[in-house]
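The values are calculated or read from the model by the stated rules, or taken from the named source; none is laboratory data. Not measured: the values here are computed from a predicted model. In this analysis, Cβ positions are derived from the backbone assuming ideal geometry, glycine residues included, and neighbour counts consider all displayed protein chains. SASA here: full protein model, heavy atoms, side chains in, ligands and nucleic acids out. Shrake-Rupley method; radii C 1.70, N 1.55, O 1.52, S 1.80 Å.
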Amino acid sequence: MGVITYETEVATTIPAAKLFKAFVLDGDNLIPKILPQAIKSVETLEGDGGPGTIKLTTFGEGSQFKSSKQRVDAIDKENFTYSYSVIEGDALVGLESISSEVKIVPSPDGGSICKNTSKYHTTGDGKVTEEDIKSGKEKATGIFKAVEAYLLANPNAY
């Protein structure tokens, strides 16, 4: 088993607390509302949203995947960090799991920087290509940008 890691950083004018609330704490509701072609729904199968919670994400018509199950590994509302692992689904072909950590860091200008680290845990001879990594980064950035655009267009939300 190998591990392939990639990191992304995106800066925004949205304050960290507001972004964390929309992107992480209410993301299961907000993202399907603003990007239904990417994510149709997110359903909590067990747990209360804290560590150990299992969620089922059903992808939209525009996705190459049907669904995935994620486990919440950690959430820290004070330090704006969230970790989860994809543990089941058709996105895991050749992979044992995908683990991600999202950290939203306040920036000096009152905005924030969203840092995402993803680790692809491969099985046996499973491989992750540069194209897979590029695609993952583009999708994650696209979702982030949609949430950012929603918050900018709706300044009183959250």
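Table for the structure above
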item	result
Mean projection area, nm², convex hull over Cα of the stretch 44-108	5.8 nm²
Nonlocal amide H pairs with Gly2, under 5 Å, H built at 1.01 Å	Thr122
Mean shadow area of the stretch 5-100, taken as a quarter of the surface of its Cα convex hull (nm²)	6.7 nm²
Estimated FRET transfer efficiency (Ala157, Thr122; beta-carbon r; R0 30 Å; 0.05)	0.15
Extended-chain gain in nm, criterion 0.36 nm per residue less alpha-carbon gap, Thr5 and Ile87	27.8 nm
Nearest-ten-degree value, helix 130-153 long axis tilted from longest Cα axis of the chain	20 degrees
Listed residue pairs exceeding 31 Å between alpha carbons, taken from Lys21/Lys127; Lys40/Lys127; Lys18/Lys127	Lys21/Lys127; Lys18/Lys127
Computed lengthening from Ser67 to Asn29, 0.36 nm per intervening residue step minus Cα-Cα distance	12.1 nm
Carbon and sulfur %, accessible surface of the stretch 96-158 computed with the full protein complex present, 1.4 Å	52 percent
Å³ per residue enclosed by the Cα convex hull of the stretch 1-47	162 Å³
Point-to-point label distance, Glu101-Gln37, nm (Cα→Cβ direction, 7 Å offset)	3.4 nm
Å² per residue, accessible surface of the chain at 1.4 Å	55 Å²
